[in-house]
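Participant: Encoded as C-alpha cells, here's the structure I'll be asking about.
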Amino acid sequence: MIDIRLFRHDPDAIRIGLGNRSRSTDVVDRVVKLDVERREIVTELDELRAKVNSASQEIGKKKKAGEDADDLMEQVRAAKERVKALEDNLESVDASLEEALLSIPNLPHDSVPVGPDETANVTVREVGERTEGDESLKPHWDVGEGLGILDFDISSKLAGARFNLMYRDGARLERALMAFMLDLHVDQHGYSEVWPPYLAQRSIMQGTGQVPALEEDMWRCEDSDLYLIPTAEVPLTSLMAGEVIDEERLPLSFTAYTPCFRREAGAAGKDTRGLVRRHQFDKVELVWVTHPRDSFETLERLTSDAEDVLKALGLPYRTIELCTGDLGTASTKTYDLEVWMPGMDRWLEISSCSNCTDFQARRADIRFKPADGGRPEFAHTLNGSGVAVGRCFAAILENFQRPDGTVELPEALHSYMGGTTALKPVDKRLL
C-alpha cells in the first residue's frame, strides 16, 4: 500500500509511476478526493465531540444550580445525531478509501527500465553454455516418461489437468532438490528455515498483495476464510505481521519449502504440457525483512543467493531486470532468473526476486523500532524463489539428457540421491 501522504503532497509522482506501469491514473483522483472528504469529516467530528463534551459539562452545572438547561440539552441531542451520521459516513468513506488504496500497485523504482511489457525487459547477465537448435534433444515430459519417472495420465486421473505425478527416481529427485536448496540457503547463505502452514487467512493474503489484485488466481476454501497459499512468500512475510521489531534484529531472512497452489486462470493454452504451469507445484522461497536503507543492496544479495542454486547445478541461466510494465503488484524492482530449456528451445522463468519496499509492510503492519528511540517505522520486505523445484527438475532432464535415454545428475545432488549419478530408464511402469 502506498503512503497516503504521497497522495497529499505529490500525487503526480503516483500518476507517473502508474503510467509507467501502463495502468490507469484515475484512481489517484479518487483517493485524493476521498482523503479530503475523510479529513473534513474527522475535523467536524472532533469539533462536534468537543462541543458535546463542553455542553454536557455546562448542562451539569446548570442543573446543579437549578437553572433551565432545556435549550442546551436540545443542542446536545442534535449534535449527537450529527455525530452518529458523520460516524456512519466516515465508515463508508474509510471503506471506499481502503478499497481504492488496495487496488493500486507499488510504484516502480527510478532505476527500473520503462516499458509496456516483457519486450522492454533488460538482460543483466547470462551464465553457462546453452545448447541451441539440436532437434535430437527432447522436451522434459518426453524424457521423464521415457525414464519412467513421470506419469501425467495418472495425475490427470487423480486430480484433473495440470497436476504432476512423479515416482521412483523422479519422486526422489524432487525431494533431493528441495533438500539441496534448503541446505544451501540455511548452511551457506544463513537463512532461518521455517515450515509454515499451507493455508492462510484472507487478511494475510491481503497483507502481501495477493488479494484483491490476484484473487482470481487463488484457490479458496469455500466454507472458510482460508486460501491455499500460492507461494511461501505469504506466510514467511506475514511472520512479522502486526509486529514492531527492534532495529538491532534487522535484517531477518527466512526460507521454506512449500507446495504452491494457483489456478493459472490467465494461462489458458500456454505451457499446458510438462511441469511448467501447474495448479500445484513445489518451491523453495526466500524472504527478507530489512531496514529501508538496506533493501536495494539486499535485493542484489537475494538474487545472488537464488543464482547460486543454478550455478551449483550447472544449469545455464540468465538474469533479467523487469521493466515497469512487467512488474508484479507488490514489487518496486524485480530480477527474473530464466533457465535455458534446450528441449523446449526457450528460456523459462525459474525465480523472481523482488524488492517490495514498504508496500507489503504497510498492508501487514510490519514495523521496526529505531535504536535511537524514535517512532516505529515501516520495514522493507523482499522475496524470491530459491528456486522453483519442478522447473529445476525439468531443466535437469532437458540439459543433461544423453542420447541413450539416460540423464546425468549434477554432482551436487549425488549424495541426496543416495549415490545415484544418473537416471536410467526402467521397464516396469508404476501401473
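The values are calculated or read from the model by the stated rules, or taken from the named source; none is laboratory data. Bear in mind the structure is a predicted one, so any value in this text is a computation, not a measurement. Here Cβ is always computed from backbone atoms with ideal geometry, including for glycine, and neighbour counts include all displayed protein chains. When the accessible area is computed, the model is the full protein with side chains, heavy atoms only, and any ligands, DNA or RNA have been set aside. Shrake-Rupley method; radii C 1.70, N 1.55, O 1.52, S 1.80 Å.
Participant: Here is a check on your reading of the model: is Val289 in contact with a helix residue (DSSP H, G or I) (Cβ under 8 Å, 6 or more places away or on another chain), assigned to a strand (DSSP E or B), among the hydrophobic types (A, V, I, L, M, F, W, C) and on the phi < 0 side of the Ramachandran plot?
Facilitator: It is true that Val289 is in contact with a helix residue (DSSP H, G or I) (Cβ under 8 Å, 6 or more places away or on another chain), assigned to a strand (DSSP E or B), among the hydrophobic types (A, V, I, L, M, F, W, C) and on the phi < 0 side of the Ramachandran plot.
Participant: So, in the range 364-381, of the ones that are more than 12 Å from Leu250 (Cβ to Cβ) and open to solvent by less than 40 Å² (accessible area, probe 1.4 Å), which residue ends up modelled with the highest pLDDT?
Facilitator: If we take residues in the range 364-381 being more than 12 Å from Leu250 (Cβ to Cβ) and open to solvent by less than 40 Å² (accessible area, probe 1.4 Å), then Ala364 is modelled with the highest pLDDT.
Participant: I need the helices (runs of 4 or more DSSP H) fully contained in the range 1-84, keeping only those with at least 1 residues that are of a type in the set (Gly, Ala, Ser). Steps first, answer last, please.
Facilitator: Values: elements: 4-9, 11-20, 26-64.
Once the helices (runs of 4 or more DSSP H) in the range 1-84 are filtered for at least 1 residues that are of a type in the set (Gly, Ala, Ser), what remains is 11-20, 26-64.
Participant: Any residue at all in the range 377-394 that's in a strand (DSSP E or B), within 24 Å of Gly148 (Cβ to Cβ) and among the aliphatic types (A, V, I, L, M)? Give the derivation first.
Facilitator: Residues of the range 377-394 that are in a strand (DSSP E or B), as a first pass: 377-378, 380-388.
Then keep just the ones that are within 24 Å of Gly148 (Cβ to Cβ); that gives 388.
Then keep just the ones that are among the aliphatic types (A, V, I, L, M); that gives 388.
Yes, there is a match, as at least one residue in the range 377-394 is in a strand (DSSP E or B), within 24 Å of Gly148 (Cβ to Cβ) and among the aliphatic types (A, V, I, L, M).
Participant: Please work out which one of (1) modelled with pLDDT under 95; (2) more than 16 Å from the chain's Cα centre (by Cα) is the condition Glu297 fails and give its number.
Facilitator: That leaves (1) as the condition not met.
Participant: Every residue in the range 309-319 that is open to solvent by 10 Å² or more (accessible area, probe 1.4 Å) and in contact with a strand residue (DSSP E or B) (Cβ under 9 Å, 6 or more places away or on another chain), please. Break it down stepwise before answering.
Facilitator: Initially, the range 309-319 is screened for residues open to solvent by 10 Å² or more (accessible area, probe 1.4 Å), giving 311-312, 314, 318.
Across the range 309-319, the qualifying residues are Lys311, Arg318.
Participant: Could you count how many residues in the range 296-327 are assigned to a helix (DSSP H, G or I) and either at positive phi or free of Cβ contacts under 8 Å to residues at least 60 places away in the same chain (or both)?
Facilitator: Residues of the range 296-327 assigned to a helix (DSSP H, G or I): 296-313, 324-326.
Next, from what is left, pick out any that are either at positive phi or free of Cβ contacts under 8 Å to residues at least 60 places away in the same chain (or both): 297, 300-301, 304.
Result for the range 296-327: 4.
Participant: Hey, can you tell me all the residues within the range 174-196 that are closer than 14 Å to Thr258 by Cα, open to solvent by 20 Å² or more (accessible area, probe 1.4 Å) and part of a loop (DSSP other than H, G, I, E, B)?
Facilitator: Val194, Trp195
Participant: Among the listed residues Ser54, Ser24, identify the single one that is within 26 Å of the chain's Cα centre (by Cα), among the polar types (S, T, N, Q) and surrounded by fewer than 13 Cβ atoms within 10 Å (Cβ to Cβ).
Facilitator: Working: Ser54 fails: within 26 Å of the chain's Cα centre (by Cα).
Answer to the selection: Ser24.
Participant: Restricting attention to the range 223-244, does a residue exist that is acidic (Asp, Glu), crowded, with 23+ Cβ neighbours inside 10 Å and in a helix (DSSP H, G or I)? Lay out the reasoning, then the answer.
Facilitator: Within the range 223-244, the subset acidic (Asp, Glu) is 223, 225, 233, 243.
With the extra rule that they be crowded, with 23+ Cβ neighbours inside 10 Å, the set shrinks to 233.
If we keep only those that are in a helix (DSSP H, G or I) as well, we get 233.
Checked the range 223-244: at least one residue is acidic (Asp, Glu), crowded, with 23+ Cβ neighbours inside 10 Å and in a helix (DSSP H, G or I).
Participant: Any residue in the range 47-64 that's farther than 15 Å from Arg77 by Cβ: show its pairings with residues that are of a type outside the set (Phe, Trp, Tyr) and open to solvent by 50 Å² or more (accessible area, probe 1.4 Å) at Cβ separation under 8 Å, as long as the two are six or more apart or on different chains.
Facilitator: That search, which allows pairs on different chains as well, returns Lys62/Asp68.
Participant: Also, quick follow-up: What pairs come out if I take residues in the range 412-428 that are in a loop (DSSP other than H, G, I, E, B) and pair them with residues that are of a type in the set (Val, Ile, Thr) whose C-beta lies under 6 Å away, six or more apart or interchain?
Facilitator: His414/Thr421; Lys424/Thr406
Results for (1) closer than 15 Å to Ile204 by Cβ; (2) in contact with a His (Cβ under 8 Å, 6 or more places away or on another chain), shown as yes or no for each residue.
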position: Val234; (1), (2): yes, no
position: Val244; (1), (2): no, no
position: Arg249; (1), (2): no, no
position: Glu264; (1), (2): no, yes
position: Arg273; (1), (2): no, no
position: Arg277; (1), (2): no, no
position: Lys283; (1), (2): no, no
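Participant: Would you confirm whether any residue within the range 270-292 is surrounded by fewer than 17 Cβ atoms within 10 Å (Cβ to Cβ) and closer than 18 Å to Ala232 by Cβ?
Facilitator: Scanning the range 270-292, I find at least one residue that is surrounded by fewer than 17 Cβ atoms within 10 Å (Cβ to Cβ) and closer than 18 Å to Ala232 by Cβ, so the answer is yes.
Participant: Something else: Being open to solvent by 20 Å² or more (accessible area, probe 1.4 Å) and either assigned to a helix (DSSP H, G or I) or under 12 Å from Asn106 (Cα atoms) (or both) is the filter here; which residues of the range 328-356 pass it?
Facilitator: If the condition is that a residue be open to solvent by 20 Å² or more (accessible area, probe 1.4 Å) and either assigned to a helix (DSSP H, G or I) or under 12 Å from Asn106 (Cα atoms) (or both), then Gly328, Thr329, Lys333 are the ones that fit.
Participant: Within the range 117-159, which residues are of a type outside the set (Gly, Ala, Ser), within 18 Å of Gly405 (Cα to Cα) and assigned to a loop (DSSP other than H, G, I, E, B)?
Facilitator: Restricting attention to the range 117-159, the residues satisfying the condition of being of a type outside the set (Gly, Ala, Ser) are 117-119, 121-127, 129-132, 134-135, 137-143, 145, 147, 149-154, 157-158.
So of that shortlist, the ones also within 18 Å of Gly405 (Cα to Cα) come out as 131, 134-135, 137-143, 145, 147, 149-151.
Those that are of a type outside the set (Gly, Ala, Ser), within 18 Å of Gly405 (Cα to Cα) and assigned to a loop (DSSP other than H, G, I, E, B): Thr131, Asp134, Glu135, Leu137, Lys138, Pro139, Ile149, Asp151.
Participant: Right, another one. Looking only at the range 160-171, count every residue that is within 18 Å of Ala388 (Cβ to Cβ) and assigned to a helix (DSSP H, G or I) and tell me the total.
Facilitator: 2
Participant: What number of residues within the range 207-222 are open to solvent by 40 Å² or more (accessible area, probe 1.4 Å) and within 20 Å of Ser352 (Cα to Cα)?
Facilitator: The qualifying residues number 3.
Participant: I'm checking my understanding of the structure. Among residues of the range 119-169 that are surrounded by 13 or more Cβ atoms within 10 Å (Cβ to Cβ), among the acidic types (Asp, Glu) and touching a residue at least 12 places away in the same chain (Cβ under 8 Å), which one is nearest to Gly343 (Cα to Cα)?
Facilitator: Only one residue tops the list, namely Asp142.
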